[in-house]
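Each value in this text was obtained by applying a stated rule to the coordinates, not by laboratory testing. Note that this is a predicted model, so its numbers are computed, not measured. Neighbour counts run over all protein chains shown; Cβ positions are idealised from the backbone, glycine included.
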Amino acid sequence: MPATEPLRALQALPADLVRRPLDFLSADHARQRTVSDLMEKLAEDSVLDPAVAEGVLRYLTVDMAAHVRDEEEDLFPLLRKRCLAEDEIDTALSLLAAEHTSEERLAKTVMAGLQRLIDEDLPARSDPPLRDELVGYARHLRRHLALEHSILLPMARVRLTARDLRDMAKHMAARRGIELSAPA
């Protein structure tokens, strides 16, 4: 598949999708899987594809930060508030919050390395530690996404109220500079 196909998958999500915040998060999870695939591609390629490196770097720098805030500032607190004791959501949320912290460290290393590769027009193969970081971060991200996608989002669809979702949509839109007009 040409590199342009996965790069299209990294384009900004439709602004109006933020009105359905759980669908927005789900769509962004798909983008994160694409980022994981592209990080592994960068790690294996013998020549740097600057468009791929720049696309991954842009996603990690801008979109990933907003996504983590969506979860940490809105989704996680709402789930803690709405879930029942038998849902045992606290364990999953604590694990995911800890992973966000470790992912932030990994992302900083990967972003700095990608910027250096872009600046010097070098493939990741020229930097074995960075190559390992790219692959490790991609794998870590996929495991993290599996937990969020299989447990958190389904639980949120059951437990969150319509008002929770409206408030969440407002916050997510504000993070992205999206103005929510009245529904069509």
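Contour minus end-to-end for Ser26 and Arg143, with contour as 0.36 nm per residue of separation and end-to-end as the Cα-Cα distance? Provide the component values of the computation, followed by the final result.
Working: separation 117, 0.36 × 117 = 42.12 nm, distance 1.49 nm.
Taking Ser26 through Arg143 to full extension adds about 40.6 nm, to one decimal.
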Specify which residue in the list Leu95, Pro77, Leu122 is farthest towards the positive end of the charge dipole of region 68-128, using unit charges on the beta carbon of Lys, Arg (+1) and Asp, Glu (-1), about the Cα centre.
Leu122
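Compute, for the chain, the length of the dipole vector about the Cα centre, with Cβ point charges of +1 (Lys, Arg) and -1 (Asp, Glu) only. Units Debye, rounded to 20. Walk me through the intermediate numbers first.
On the way: 26 positive and 33 negative charges, 121 e Å.
Dipole about the Cα centre, nearest 20: 580 debye.
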At R0 = 45 Å the Cβ-Cβ FRET efficiency linking Leu122 and Leu84, nearest 0.05, sits at 0.30
Contact order normalised by residue count of the chain, Cα under 8 Å, 6+ apart, percent:
38 percent
Among the lysines, which fall within straight-line cross-link reach of Lys170, defined as a Cα-Cα distance under 29 Å, with same-chain neighbours fewer than 8 residues apart omitted?
Lys81, Lys108
Proxy exposure order for Glu99, Glu179 (fewest C-beta within 10 Å first) is Glu179, Glu99
Can you list residues whose amide H is under 5 Å from Leu160's amide H, if they're 5+ apart or on another chain and H is modeled 1.01 Å from N?
none
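How large, in Å, is the chain by the Kirkwood hydrodynamic radius built from its alpha-carbon pairs?
Numbers: mean 1/r = 0.0578 Å⁻¹.
In the chain this quantity evaluates to 17.3 Å.
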For an R0 of 35 angstrom, estimate the FRET efficiency from the Cβ-Cβ distance between Ser94 and Thr61 and round to the nearest 0.05.
0.85
C-alpha long axis of helix 128-147 to longest principal axis of the chain, angle in °
20 degrees
If the chain between Thr101 and Lys170 were fully stretched, how many nm would it gain, using 0.36 nm times the residue separation less the Cα-Cα distance?
22.3 nm
